[in-house]
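Have a look at the structure below before the remarks.
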Amino acid sequence: MRTLIRFIRNLLVGLFAVYILLFSATRVIHYPEPIAAIRLGLAPASKTPTLMPFHVVEPAASPVAWTTTNGTVPATVNWGGTQIPFSEFLSKTSTNAFLVLRDGVITYEWYNKSTNASTKLPSYSMAKTLTSIMIGQLIADGKIKESDTFVKFFPQYKTGGSFDRVTIKSLLDMQAGVGVSDNYPTGPSGWGVAIAQMYATTDLNFFMEHNRKMSWEPGTKSEYRSVDTQMLGFIIKKVTGTTVSDYFSKHVWQLVGAQDSAFWNVDHVGGLEKTFCCFNATARDWARIGALILDNGAAKVGGANVIDANWMARLEQPMTTLDHGWGYSAQIWHPFSGTVMMLGLHGQYIFMNPSTHVAIVKLSDEPTDSGNHEVLTANVLRDIASSKA
């Protein structure tokens, strides 16, 4: 018995020592403490937002209610050349919520067993378009210009090299060249890569200070990189003098008539929003962003446009080509002619077809590597948005 007690005691002491070492290491690299980091790494995509600090985004004082009808979706959809039941499509793509908005009316709404209309679900990279909307507002207000460099606002980050020539325009169109690639981790070892560090960091200023190496001269190449959007978030906070969440609440969320509060994950409480990802809201309120773009930026509350005509034109005209051969401009995708799409990791979509005035919200829990699901899903959403059902 004494031997067993001694073994257990030594084991506990050893585990405590390991924890202290890991805790010290995470403090040095500005990661969450070890247990929190492990929970974050193992949680399903839809559960990670509540494991990180966040700022609340307040809804409209007088929300704009949705009109709903009992519409339908196609019984089957084309999945890579094969017709499969719509229900199988939802299951195959780990869907949490699916909503169709036609001419401003919710005609179809579906949730899986663990979610409902009140569940706040993450955006991952769909948040990039929200960041673009705010940048467009600041440009329209004359507070910034696309030709402005990042270091104009943050001279402390000057390197004397090409980093100093990164402009807002190059950040918007994924042409900045900052050396943080979006090679997402697929296991515990992957948490050391830069994109994972940016997602998990408790200090984005520390991250930026240590990630200013360049992969190419700004404006000479296009590659999807989330760090570009995060740098836009730095600028929003600096120029507005408030948190991104508070600015977004007052200048976007309340004006679209949001029913529910949302929340935006930050590096630490009182810190900076992770603007390349991490905005969380209900499917119905996500649909308001789709409606905003379909309505050419018109506000539902207060009368003034949320997105002005010049920025709408910027969003609607692809400036470069990125993954899957899809067009891209100002933090929004152009998968097919005449359409725009917000897209996030793990299967988050807002697909918009202005010609049919349809927006489709799809929020999901797909794995990081889901093969060609993005292309196949975009095809399904295009077909539904183009139909008259």
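Confirm whether Ser226 is touching a Cys at 6+ places or on another chain (Cβ under 8 Å), in contact (Cβ under 8 Å) with a residue 24 or more places away in the chain and among the small types (Gly, Ala, Ser). Against the criterion (touching a Cys at 6+ places or on another chain (Cβ under 8 Å), in contact (Cβ under 8 Å) with a residue 24 or more places away in the chain and among the small types (Gly, Ala, Ser)), Ser226 qualifies. The set of residues in the range 74-93 that are farther than 25 Å from Pro44 by Cα and surrounded by fewer than 20 Cβ atoms within 10 Å (Cβ to Cβ) comprises Pro74, Ala75, Thr76, Asn78, Gly80, Gly81, Thr82, Gln83, Ile84, Pro85.
Considering each of Thr119, Thr107, Thr131 in turn, give the residue that is within 25 Å of Ala283 (Cβ to Cβ), β-branched (Val, Ile, Thr) and in contact with a helix residue (DSSP H, G or I) (Cβ under 6 Å, 6 or more places away or on another chain). Answer to the check: Thr131. Condition first: assigned by TED's automatic domain parsing to the domain that holds Glu366, within 19 Å of Asn372 (Cβ to Cβ) and in contact (Cβ under 8 Å) with a residue 24 or more places away in the chain. Can you find one or more residues in the range 100-113 that meet it? No: the range 100-113 contains no residue that is assigned by TED's automatic domain parsing to the domain that holds Glu366, within 19 Å of Asn372 (Cβ to Cβ) and in contact (Cβ under 8 Å) with a residue 24 or more places away in the chain. State whether the residues of the range 77-93 include one that is among the β-branched types (Val, Ile, Thr) and touching a residue at least 60 places away in the same chain (Cβ under 8 Å). Yes: one or more hits.
The single condition among (1) assigned by TED's automatic domain parsing to the domain that holds Ile360; (2) surrounded by fewer than 18 Cβ atoms within 10 Å (Cβ to Cβ); (3) among the aliphatic types (A, V, I, L, M) that Val193 does not meet is (1). Scanning the range 244-262 for residues that are in contact with a helix residue (DSSP H, G or I) (Cβ under 7 Å, 6 or more places away or on another chain), surrounded by 20 or more Cβ atoms within 10 Å (Cβ to Cβ) and either among the hydrophobic types (A, V, I, L, M, F, W, C) or not in a helix (DSSP H, G or I) (or both) returns Val244, Phe248, Val252, Val256, Gly257, Ala258, Ala262. Would you call Asp182 under 17 Å from the mean Cα position of the chain (by Cα), buried (at least 16 other Cβ atoms within 10 Å of the Cβ) and assigned to a loop (DSSP other than H, G, I, E, B)? Answer is yes for this residue.
Which residues, taken from the range 334-389, are of a type in the set (Val, Ile, Thr) and either more than 23 Å from Asp173 (Cβ to Cβ) or assigned to a helix (DSSP H, G or I) (or both)? Scanning the range 334-389 gives Thr356, Val358, Ile360, Val361, Thr368, Val375, Thr377, Val380, Ile384.
Take the residues in the range 349-378 that are over 21 Å from the mean Cα position of the chain (by Cα) and polar (S, T, N, Q), then tell me which one is nearest to Leu90 (Cα to Cα). The extreme case among them is Thr356.
Annotation note: of Ala313, Ala309, the sole residue that is aliphatic (A, V, I, L, M), more than 30 Å from Ala75 (Cβ to Cβ), surrounded by fewer than 18 Cβ atoms within 10 Å (Cβ to Cβ) and free of Cβ contacts under 8 Å to residues at least 12 places away in the same chain is Ala313. When Asn96 is tested against the conditions (1) closer than 25 Å to Asp295 by Cα; (2) crowded, with 17+ Cβ neighbours inside 10 Å; (3) in contact with a helix residue (DSSP H, G or I) (Cβ under 8 Å, 6 or more places away or on another chain), the lone failure is (1). Residue-level check: of (1) touching a residue at least 40 places away in the same chain (Cβ under 8 Å); (2) surrounded by fewer than 23 Cβ atoms within 10 Å (Cβ to Cβ); (3) part of a helix (DSSP H, G or I), Val151 misses just (1).
The values are calculated or read from the model by the stated rules, or taken from the named source; none is laboratory data. This structure is a prediction, so every number in the text was calculated from the model and none was measured. Heads up, the Cβs are rebuilt from the backbone with ideal geometry, glycines too, and the neighbour counts pull from every protein chain shown.
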